[in-house]
Each structure stands twice: as C-alpha cells, then as structure tokens.
Protein chains: 2
Amino acid sequence: MTQRQERGRGSGTPAARADRGPTRSIDVDDLPALARGCAVMGAGGGGDPLVGVLMAREAIQRHGPVRLVDLGDLPDDGLVMPCGLVGAPTIAIEKLENGGEGGCLAAEAEALTGRPVVAIMPFEIGGSNGLIPLTWAARLGLPYVDADGMGRAFPTMPQMTMNLAGVSSSPCLMADERLNTLVIRTGGVEWTERLLRSSTAAFGGAAVAALYLMDVATARRATVPGSVSRALELGTAMARVEIDPIDTVVEELAAVELIRGKVIDVERETSGGFVRGSAIVEDATGEGRLLRLEIQNENLAALEDGEVRACVPDIITVLDARTGEAIVTERLRYGQRVGVIAFPCPEVWRSPAGLAVAGPAAFGLRFPYTPLAAGGTRAS
Amino acid sequence: MTQRQERGRGSGTPAARADRGPTRSIDVDDLPALARGCAVMGAGGGGDPLVGVLMAREAIQRHGPVRLVDLGDLPDDGLVMPCGLVGAPTIAIEKLENGGEGGCLAAEAEALTGRPVVAIMPFEIGGSNGLIPLTWAARLGLPYVDADGMGRAFPTMPQMTMNLAGVSSSPCLMADERLNTLVIRTGGVEWTERLLRSSTAAFGGAAVAALYLMDVATARRATVPGSVSRALELGTAMARVEIDPIDTVVEELAAVELIRGKVIDVERETSGGFVRGSAIVEDATGEGRLLRLEIQNENLAALEDGEVRACVPDIITVLDARTGEAIVTERLRYGQRVGVIAFPCPEVWRSPAGLAVAGPAAFGLRFPYTPLAAGGTRAS
C-alpha cells in the first residue's frame, strides 16, 4: 500500500500504513503481496493469482494507483458493486478477460439503478478475484473497498455474506470477454445461482459478474471488513520470510498445519461451470500418512484415515513448501512439495445460517461441521 | 374473428370478415379455428394448441376480445413486441404459464426502451405460439399484430425473418412462470441463441421470451404479414369440411400429401431445451411404403427410400386422418392414423440468407434443399 497523501511509497510497516485511514492506495509494487495474501485466504479458489497480477499491473500502470477505502469512509447511499470472476478456474486460467468487463458491468448497474457506482468491491478474497476487480477499479477511476463478501472464496452465490444479511440477489449482472451481457432477476438466490451457473457454462465455463448491488450502509453490515488489507498484510509478511515460509503463514494466520509432503494424486473434472475433484498428499516424514482433499473450485475438506481434519466453511489452503505461496486448485499436480494448512473462517459462517449454505452438507459432504480451533501450531 | 364495430358476432364468412380492415378482433369463438390453423402452419412445432386455446379462452373471457391489426395500421415509431414460448414442447405441455409472463416481458421491454409497447406479435405461427401471445395481448389490452417472424415455426432464434432483415437480437428478454427474468445483450444472434437456450434449460426446459423488439416501420419489412389471419382462415375452412379433412387442408394450402397411413415408430429425446427424434409412417395401402420424419421441435424432413420428399424450410405437417387436425411433434405416437403433408414456406426462407439459417444444413442434415413445388395434389 502506498500513502496517496505522500504521493509515493510510505515508510512504515505495511500494517502501520494500513491503519492510517482513507488515503491508502494500492500501487503496482503492492500487487505481488496482495496476490500472495489473496491466494492463501482463498482456500485454493478464486482463480490463478498470476493472471490477476498481470492484469492489475497493466491497469494501474496505465491509470494510476487505486484508492483503498473503508466502507465507513463512503457515503451511506452510495452504490457499491461487488464483482469478480465466476466459473471454473481451470477455464479462467486460459480464457482471459479483455479488461473492459468491469466497465460493462458498472454501466449496466448504473443504468438499472439510476445511480453512480461509488466503489468496487471484490465479492471474494481469492486467487485472482482479489485482483481482477482492482483492475476494474483502476480503469474506472473508482476506489476499492477494503472488504469482501466471503472472507475467503466459495464456489456459489448463496455462499456470500450479503445473502446471509438478506441482500437481494437481483439484479445479478454478467458479462464475458466479448462484452455479451446478462441481467438476471429472480425470486431468490437459488434461482439466481441456477441461471448464473448455466449462463457461465454457456459463456464457455468462465465469465464475470456483479452480484448483490447494494448501498454503502447495507454493505457495512453485510460484508467481511478488512479483507483486502488483511491479504496485503499477510502477503507482505510472507515476503519478509527468512525461515520456513510455511511456518510464517501458519503463525500469521494462527493456522493449523495439517500435513507436509508430496502431492501423489490429483483427480479433477471441469463440468457445469465448476472444477470438482480431489487430491492426495503423502507426508514427507515416511510415516505413511495420507491427507485427502475434496475440491469444488476451493478446497472443501481435508480427511485423514477417515477423520475430518478440517472442512468448510473453515479455510484449507495448499502451500508450496519452498516458497510458502498458495497453490490454487487448478494448479495442483503430481509431485508438488506442499504443506496443507487450515485456519478458521470468519465467524459469520459458523452461524446456523452460514453453515446452512456453506457447511459440509451444502456441498453434499456427509459429515457434520466441527469448528477448527485456532492453531498457530505445526503438524503433529 | 369478430367485427368490433358491430360489438358482436359478424355475420359474413370468416374470410370476408378478415378482409375488412383494422377493426377485426379475435374472440373466444375464433380460438378453435385459430388453433387448428396455427397447428397446421407450425410444421408440428410451436407447442400444443390445446394449451394455447385454454389460456387464450380464459384471458379473453376475462379481458374481452383482442383487436387484430395490420402493421400498416400502427404508428411507424410504435414498439412491437414479438414473443412466445421457447424450449421443448414436450416440457411446455405440462409446465404451464401463469399468464403474467407477457406483462412481465412488456414491462421489461418498456423499461429498457423507455417506450410503451403498442402491439404484441407472435414470433412464430405454431401450435400454441400463435395463441399464447394473444393471451398476453388480452391481459395487457394491446392489439395483436397480424404477422409473425417465421410464417411457420422453427426451433431457434436465428431462424426468424427479423434476423434476415438485420434486426438486432439484443435485448432478448426471457421469463418463466415464477416471473424470474433475464435480459440478454450480445454481439450477435448466435450468442443470444446460445444464452437463451442454456437459460431455457436452466428454467426447466421451457420458458417465454420477447425477441427482436423493433418499431413498427422496421416490423413492416422484417416480418411475414398476414400469418394470423391466414391461420384463422385455414382453421375456419377446416371446420367446414364435409368430405375428407386432409383433402381440405391440402387444397387450402396448395400442399402435397406425402403419405397416408399409420405411425409405426416414434423416437424422441428431450435435451438442451429441444425435442429431437424421428417418426416413421407406414402407408395404409399395403404397398409397404415408409416415410421417415426427422424432428427438432418441428418436422424437419420427410424421407422415403433414401429420397428427400420435403425438407426445411418448407413446411411438413402431420395431420390426424380422421379430423384433419395437425398433430404436433410431442403428441406423435405409435398407432396414430395420419396423413403427412408438405407445403411451401414463405419465399424469404428460400433466399440464400434464409437457407443459410433454416435450410437442411443449418440442422445438420446432409442433403441440399430442393424446393417443394406447390401441389394441391394427393399422394401418388
């Protein structure tokens, strides 16, 4: 982050700078840290961070740094546009945006509501989805909200805090890189999700969307605050690492390290606008332990000997053992040396309403949710 | 049709009444004839006419007769809304409309264009699709345009005369019986069709749509005029039949009777928002002749001994041998006694542009188009 008031790099630590209020901004130099943080927080989902970094870098170089704002610093009745990529990350990784989609979504949002969009918000903090909306903010000259609608990444639209807060899922706006657009209005989020998902498949498996348009006052009670700065701080801390990079992440997030070892199997299928599959990690110590990950865009559950070590809505992320960087699910492959960590989700997901849409049963997993205790501990 | 100027039933023959200009109207008593005519003209498609009659009867009983107007009688800059059912007729037959969809589509059209809808037009003349938009016209108190966008029924959106005339396929409006709505805007009709079709499947296989919104001046050069009155006249003539009912249809339409006999096989599959399949009719004379029909919502081709007897864009319709009424493709079944007739499509479909979207190749049929000669002849 950069102090806009100083028109240059700030000198404090990132955490200190992040606390200084509404004049923070995100510049090109912040992108690698932001991407690292988003990828770890994204539970393996939200798309490939490299794509996000490349697009955001180009947009910021051309249009200048993006102001990062708290919802408290925006007018109550301003229109906030939560947005990002939807669909299968395996497809999004090579079906790139043209950059104009955000403008297309904003124009549609403004035409439908008759109000200007005052700020762009990522609907999830994940691999590239913490960065792509930033790209649009840069191009549109709009601030970027330091919040998101999940505090992680999830695969479907009901799994957003805006849904838990009762924000209408209509209108839902979609676009693709050809700037084809869709406006969906339904009687409920299940229908919106159904139409969004079928259209994502029709768009070729990946598209972009603006979801849960709302005013600032509503957004203050309906989102996870501080997600963007948290990702930035985490990514910045990861860059300072001189010791074991996975330990750094575990400590920063008060996470639990579930296993450290080698990816020995990956099964992955792209269908219906999702990636589904599983991966198996074998421990490096020669004890023969195996950890199985169940995947739907994100890592849903980690199982060992038939026991659930961690599961949704808690956050499970696979880290590269050498660099500590997160490996998104579409990049998982045989032979990778990894550590698998888990850390607690935002509290809202542990409520009955949160678990109803984002707990194991919501993904068809046949076991109850057991909250992960905050850890900061190494694998046993 | 009824003379509105007389505030009651007219006394002339239907054909004579149809010629009397802009004060014609469609009342409950006209519906059976209109349905019969639409079903014959619809090439086996456009949905089940019974559903259309029942819905139109209820709407007209409640809201009064609907004025039938020529495009020449409407203001140049008035907004015309072509509309109807989309999807698989096998599904539409039991997934009924709630009646409010037309109002929903019109409200959306008016909000998007900022102009009032001055008239409702069926986008195709087919089984129920000549009647469902009439239902909406009754409920909205709007006139019904004596024209359509095909002069028959076809399964997809490029296969409309508005497309040949260069009318934009955007915005395309969809709704379902829960009044979920979609607005689709794309760079071309292929994308509009793709999104419409995937959404139709997501809606459960059938939905309603308003397509090719246009002003009256454009509609005059972009539609098939007189379709509704032609269907009414045909249906009225069929009711007068005292001799062979199939002969009457053949004579009215200058059609060719391809075969008369029994349906001995029907293969039908509902997928991707369409019904596809084939049917075989064995002749009744004991000569062992077999006629095979290829189907995609509509009857696409009639083949005998490997020879193409008739094919799209010409119109092939299966008639009940006893009543002369058309049997829509979703009602075809083993054992029915039928006559299969074919008659020429509107000339616009025989142009290179027409054949490109609606000729055999457009349906994946691997034979060239041979225009059907106007007949009025019995099967050889």
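The values are calculated or read from the model by the stated rules, or taken from the named source; none is laboratory data. This structure is a prediction, so every number in the text was calculated from the model and none was measured. Heads up, the Cβs are rebuilt from the backbone with ideal geometry, glycines too, and the neighbour counts pull from every protein chain shown.
Report yes if B:ASP148 is in the same structural domain as B:ALA88 (by TED's automatic domain parsing) and within 27 Å of B:LEU319 (Cβ to Cβ), otherwise no.
Taking the combined requirement at face value, the residue satisfies it.
Can B:MET238 be described as of a type outside the set (Phe, Trp, Tyr) and away from every other protein chain (no Cβ under 14 Å)?
yes
Please go through segment A:198-256 and give me each residue that is touching a residue at least 60 places away in the same chain (Cβ under 8 Å) and basic (Lys, Arg), ordered by number.
A:ARG220, A:ARG230, listed by residue number.
Quick one: in segment A:229-258, which of the residues that are within 20 Å of the chain's Cα centre (by Cα) and in a loop (DSSP other than H, G, I, E, B) is modelled with the lowest pLDDT?
The selected residue is A:ALA254.
For segment B:88-97, indicate whether the set of residues that are touching a strand residue (DSSP E or B) at 6+ places or on another chain (Cβ under 6 Å), of a type in the set (Val, Ile, Thr) and in contact (Cβ under 8 Å) with a residue 24 or more places away in the chain is non-empty.
The answer is yes, given that some residue of segment B:88-97 is touching a strand residue (DSSP E or B) at 6+ places or on another chain (Cβ under 6 Å), of a type in the set (Val, Ile, Thr) and in contact (Cβ under 8 Å) with a residue 24 or more places away in the chain.
For residues that are within 16 Å of A:PHE363 (Cα to Cα), in a strand (DSSP E or B) and out of contact with any Cys (no Cβ under 6 Å at 6 or more places or on another chain), tally how many sit in segment A:293-309.
10
Taking the stated definitions as given, is A:LEU142 closer than 23 Å to B:ILE184 by Cα, of a type in the set (A, V, I, L, M) and touching a strand residue (DSSP E or B) at 6+ places or on another chain (Cβ under 6 Å)?
For A:LEU142, the condition - closer than 23 Å to B:ILE184 by Cα, of a type in the set (A, V, I, L, M) and touching a strand residue (DSSP E or B) at 6+ places or on another chain (Cβ under 6 Å) - is not met.
On the given criteria, is A:LEU85 among the aliphatic types (A, V, I, L, M) and farther than 23 Å from A:TRP349 by Cβ?
no
Among the candidates A:THR200, A:THR186, A:THR192, A:THR181, which residue alone is closer than 18 Å to A:GLU94 by Cα and of a type in the set (Ser, Thr, Tyr)?
Selected residue: A:THR200, the only one of A:THR200, A:THR186, A:THR192, A:THR181 that is closer than 18 Å to A:GLU94 by Cα and of a type in the set (Ser, Thr, Tyr).
Quick one: in segment A:284-305, which of the residues that are without any contact (Cβ under 8 Å) to a residue 40 or more places away in the chain and crowded, with 17+ Cβ neighbours inside 10 Å is farthest from the chain's Cα centre (by Cα)?
Among residues in segment A:284-305 that are without any contact (Cβ under 8 Å) to a residue 40 or more places away in the chain and crowded, with 17+ Cβ neighbours inside 10 Å, the one farthest from the chain's Cα centre (by Cα) is A:ARG289.
Give segment A:310-330 a look and list any residue that's surrounded by fewer than 22 Cβ atoms within 10 Å (Cβ to Cβ) and assigned to a strand (DSSP E or B), or say none.
A:ASP320
State yes or no: is B:LEU96 out of contact with any Phe, Trp or Tyr (no Cβ under 7 Å at 6 or more places or on another chain), closer than 28 Å to A:SER198 by Cα and more than 14 Å from every other protein chain (Cβ to nearest Cβ)?
Against the criterion (out of contact with any Phe, Trp or Tyr (no Cβ under 7 Å at 6 or more places or on another chain), closer than 28 Å to A:SER198 by Cα and more than 14 Å from every other protein chain (Cβ to nearest Cβ)), B:LEU96 qualifies.
A:ARG350: within 22 Å of the chain's Cα centre (by Cα), surrounded by fewer than 23 Cβ atoms within 10 Å (Cβ to Cβ) and not assigned by TED's automatic domain parsing to the domain that holds A:PRO49, yes or no?
yes
Working carefully through the options B:GLY324, B:GLY272, B:GLY288, find the one that is over 29 Å from B:ARG230 (Cβ atoms) and touching a helix residue (DSSP H, G or I) at 6+ places or on another chain (Cβ under 9 Å).
B:GLY272
When segment B:265-284 is examined, which residues are found to be farther than 17 Å from B:ILE341 by Cα and outside any strand (DSSP E or B)?
Matches in segment B:265-284: B:GLY272, B:GLY273.
Could you figure out which of (1) modelled with pLDDT under 95; (2) within 11 Å of the chain's Cα centre (by Cα) isn't true of A:LYS95?
Failing condition for A:LYS95: (2).
What strands (runs of 3 or more DSSP E) lie completely within segment B:120-228 and have 1 or more residues being more than 14 Å from chain A (Cβ to nearest Cβ) and within 17 Å of the chain's Cα centre (by Cα)?
So the answer is B:206-210.
Would you check if A:ALA109 is in the same structural domain as A:ALA175 (by TED's automatic domain parsing), more than 23 Å from A:SER25 (Cα to Cα) and under 18 Å from the mean Cα position of the chain (by Cα)?
No, not satisfied.
Can you pull out the residues in segment B:331-343 that are more than 20 Å from the chain's Cα centre (by Cα) and either β-branched (Val, Ile, Thr) or crowded, with 24+ Cβ neighbours inside 10 Å (or both)?
The answer is B:VAL338, and nothing else.
Just the residues that are free of Cβ contacts under 8 Å to residues at least 40 places away in the same chain and within 28 Å of A:LEU50 (Cα to Cα), please, taken from segment A:105-119.
Once the filter is applied, which keeps residues that are free of Cβ contacts under 8 Å to residues at least 40 places away in the same chain and within 28 Å of A:LEU50 (Cα to Cα), segment A:105-119 yields A:ALA107, A:VAL117.
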